[in-house]
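Each remark here refers to the structure printed beneath this line.
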C-alpha cells in the first residue's frame, strides 16, 4: 500500500511521518512535530558540540546540571563537590 498507515516492529507509521535512522536506531516523528523536534535537536547538538570543545580544552568536564541533580536526590550533600 502507498500513503496508508503501517506498523513496523510495533511502531505505528502514518503518511507524512519523518523517519530518521542512524547506527543507534530509528525514530518516527509526526509531521506536526517535525519543526519543533528539529529545533530541539539542533539545540542539543550545539550544546554537545560546545561541551566537547570545552572538554578538549580541559574545561567543562561535567555537565553544569549534574551537581544540582545529585544534591536533589541526596547523593551529594550541600557544600560537597565532585
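Derivation of every value follows stated rules applied to the coordinates shown; laboratory data play no part. These figures come from a predicted structure and were not determined experimentally. For neighbour counting, all protein chains shown are included, and Cβ atoms are generated from backbone atoms with ideal geometry for every residue, glycine included.
Remarks
- Candidate values [x] 160; [y] 94; [z] 246, label of the one derived for volume of the Cα convex hull per residue in Å³: [x]
- Most mobile listed residue (36, 51, 71) in the chain, GNM with C-alpha springs under 10 Å: 71
- Sorted fewest first by neighbouring Cβ atoms within 10 angstrom, 13, 52 come out as 52, 13.
- Ascending count of other beta-carbon atoms within 10 Å, so fewest first, for 75, 1: 1, 75
- Stretch gain in nm, segment residue 67-residue 28, where the contour uses 0.36 nm per residue and the Cα spacing is subtracted: 10.7 nm
- For the chain, modelled as a GNM whose springs connect Cα atoms under 10 angstrom apart, the maximal fluctuation among 35, 72, 50 occurs at 72.
- With respect to the chain, whose longest principal axis is taken over its alpha-carbon atoms, helix 34-56 is tilted by about 30°.
- Alpha-carbon centroids, segment 55-82 and segment 1-18: separation in whole Å: 42
- Fully extended contour minus Cα-Cα distance, from residue 75 to residue 44, at 0.36 nm per residue: 8.5 nm
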